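Notes follow the structure.
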Amino acid sequence: MMERFYNPVFVKELKLRFRSFKSFSGLMFYLAVLCIFIAGFLLLTTEFTGKGFFRPETSFMMFAVLTILQMALVLFITPSLTAGAISSEREKQTLNILLTTTQSSTQIVIGKLLSSVSFLVLMLVAGLPLYSLVFLFGGVSPSQLISIFLFYLVTVVAIGSIGVMFSTITKKTIVAMIATYGSIIFLGGITAFFFFLTMAFHQMGNAVGASTSFMTYFWASINPGALMLTLISPEMGNALAELSGVELPVWITYLIAYVLIIVLCLTIAIKKLRANMKSNR
């Protein structure tokens with residue numbers, strides 16, 4: 001039974017990744033950024049005296065900013081781990097050897113993706129002790145933390161799938177990385193721009209604005225930053241529902257959209273993996 005789920009590509013990639021100094025230097029950088037932020041926030045709150053009151057409202061603010069910061073770090077780091085999954089094998093001229101093994105295209109693609117996601121999960125878990133400071137001062141519920149980390153995982157897998165797809169359909173790692181970062185800019189930045197644009201049209205109250213209510217909700221529902229804000233503060237989600245007229249919670253639409261992204265990107269990567277090898281002959 002276990003042999004059916006055993007993936008040699010995943011095991012090999014996992015061993016190589018966790019034995020690499022580059023991986024753990026990246027983990028150190030990630031934790032250092034979080035520590036610097038928390039230390040700076042505490043110093044600013046106590047006016048550099050190390051003494052004072054830390055109210056639950058302040059703790060909640062630190063949690064909110066830390067959540068957005070961690071999401072930004074995850075989005076920044078993920079392409080560097082996944083965009084070279086297949087293209088690096090092609091550049092090292094080892095892809096053809098890998099494809100002649102008994103491993104299917106699905107095992108290769110899933111194994112490459114899971115090895116990268118595993119390291120990113122390690123980073124998220126390593127940052128959990130820093131979040132424990134929030135619970136010392138109150139203002140945040142454990143259910144909020146759990147839901148946020150679950151959607152971190154969904155976002156990581158989705159962005160990782162995009163990176164693996166571009167790594168499969170392009171020949172150069174740098175091209176795949178640029179394309180993956182471009183996708184992140186679209187999901188995180190362009191969707192925010194379209195959200196504010198459609199919201200402005202909607203608030204104008206004319207015919208054009210009336211027809212953009214759903215698009216206002218749509219652009220917000222696929223934006224990782226907007227999702228985190230609605231999870232942190234449900235009042236924002238209620239305000240968005242009232243503005244757009246759509247009662248469906250943002251997290252449901254986000255989950256559906258990102259699951260579709262994962263399925264679509266992995267399907268393309270699996271289909272194109274051996275097709276590219278045949279075209280190169």
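The values are calculated or read from the model by the stated rules, or taken from the named source; none is laboratory data. Nothing here was measured: the structure is a model prediction, and the numbers come from that model. Methodologically, a virtual Cβ is constructed for each residue, glycine included, from the backbone with ideal geometry; neighbour enumeration extends over all protein chains shown. With ligands, DNA and RNA removed, areas are computed over all heavy atoms of the protein, side chains included. Shrake-Rupley method; radii C 1.70, N 1.55, O 1.52, S 1.80 Å.
What's the extension gain from residue 192 to residue 256 if we count 0.36 nm per residue and subtract their Cα-Cα distance? Spell out each step's value before the answer.
On the way: separation 64, 0.36 × 64 = 23.04 nm, distance 1.88 nm.
So the chain would gain 21.2 nm between residue 192 and residue 256.
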- So how tilted is helix 128-137 from the main axis of the chain? Cα-based, degrees 0 to 90, rounded to 10. 10
- Take peptides 106-113, 142-149 and line them up by average Cβ neighbours within 10 Å, highest first, as a rough protection proxy. 106-113, 142-149
- Query: Cα atoms only, the stretch 97-240: Rg and Dmax in Å?
  - Reply: 19.5, 62
- Mind checking the dipole of the stretch 6-278: about its Cα centre, +1 per Lys or Arg Cβ, -1 per Asp or Glu Cβ, Debye to the nearest 20? 1420
- Accessible area per residue, Å², the stretch 6-278 with all protein chains present, probe 1.4 Å: 50
- Using label points projected 7 Å from each Cα along Cα→Cβ, tell me how many nm separate residue 238 and residue 175, to one decimal. 5.1
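Per residue Cα convex hull volume for the chain, in cubic angstrom? Don't skip to the end; give the middle numbers.
Details: hull volume 45.2 nm³, N = 281.
Normalising the Cα hull of the chain by residue number yields 161 Å³.
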- Query: 222 nm [θ] for the chain, helices only, -39500 (n - 2.57) per DSSP H run of 4+, per residue, to 500?
  - Reply: -26000 deg cm²/dmol
- Quick one: angle between helix 234-244 and the longest Cα principal axis of the chain, in degrees between 0 and 90, rounded to 10, please. 90
